[in-house]
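Contents: one structure, followed by commentary.
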Amino acid sequence: DDLSERDQALFDALRLWRTETAKARGVPPYVIFHDRTLAEIARERPADATALRDISGVGEKKAQRYAEDVARIVAEAA
């Protein structure tokens, strides 16, 4: 993906969060979100579950489960 420097920093933060979350849940990282989905999150910067649901690869359950964490990471990267 062609990410700006700013988006790449957010993507890296999201990948770190995904790794930690996957480890805590005992699942592979791709079960949380694929890299493609994280890249789109980094570009679009969703601020809530509704916006997160608009990202490819994010369904209702994942939006509800991870929206708070994703919104926090996006806000911290702003």
How big is the dipole moment of the chain about its Cα centre under a simple scheme where the beta carbon of each Lys and Arg is +1, that of each Asp and Glu is -1, and everything else is neutral? Debye, nearest 20, please. 380
Using θ = phi - 60° and Karplus 6.51 cos²θ - 1.76 cosθ + 1.60, couplings along segment 56-63 (whole Hz; Gly, Pro as x): 4, x, 10, x, 4, 4, 5, 4
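Which of the peptides 4-16, 30-42 is most tightly packed, and how do the rest follow, going by the mean number of other Cβ atoms within 10 Å of each residue? Mind dumping the intermediate values first?
Details: 4-16: 15.3, 30-42: 18.7.
Put in order of decreasing packing, that is 30-42, 4-16.
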Taking the dipole about the Cα centre of the chain, with the C-beta of Lys and Arg at +1 and of Asp and Glu at -1, give me whichever of LEU3, THR21, ALA77 is farthest to the positive side. THR21
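Before anything else, pin down the relative contact order of the chain: Cα pairs under 8 Å, at least 6 apart, normalised by residue count, whole percent. Present the calculation step by step, with values, prior to reporting the outcome.
Numbers: 73 pairs, mean separation 24.6, N = 78.
Over the chain, the number comes to 32 percent.
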Report the label-to-label distance for GLU20 and SER4 in nanometres (one decimal), using points 7 Å from each Cα along the Cα→Cβ vector. 2.6
Would you mind telling me the share, in percent, of accessible area of the chain contributed by carbon and sulfur at probe 1.4 angstrom? 47
Shape parameters for the chain, alpha-carbon atoms, Rg then Dmax in Å: 11.2, 32
Accessible surface, per residue, of the chain when the full set of protein chains is kept, probe 1.4 Å, Å²: 61
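The values are calculated or read from the model by the stated rules, or taken from the named source; none is laboratory data. Predicted model only: the values in this text are computed from it and were never measured. Note: ideal-geometry Cβ built from the backbone for every residue, glycine included; neighbour counts use all protein chains shown. Areas reflect the complete protein model, heavy atoms only, side chains present, ligands, DNA and RNA absent. Shrake-Rupley method; radii C 1.70, N 1.55, O 1.52, S 1.80 Å.
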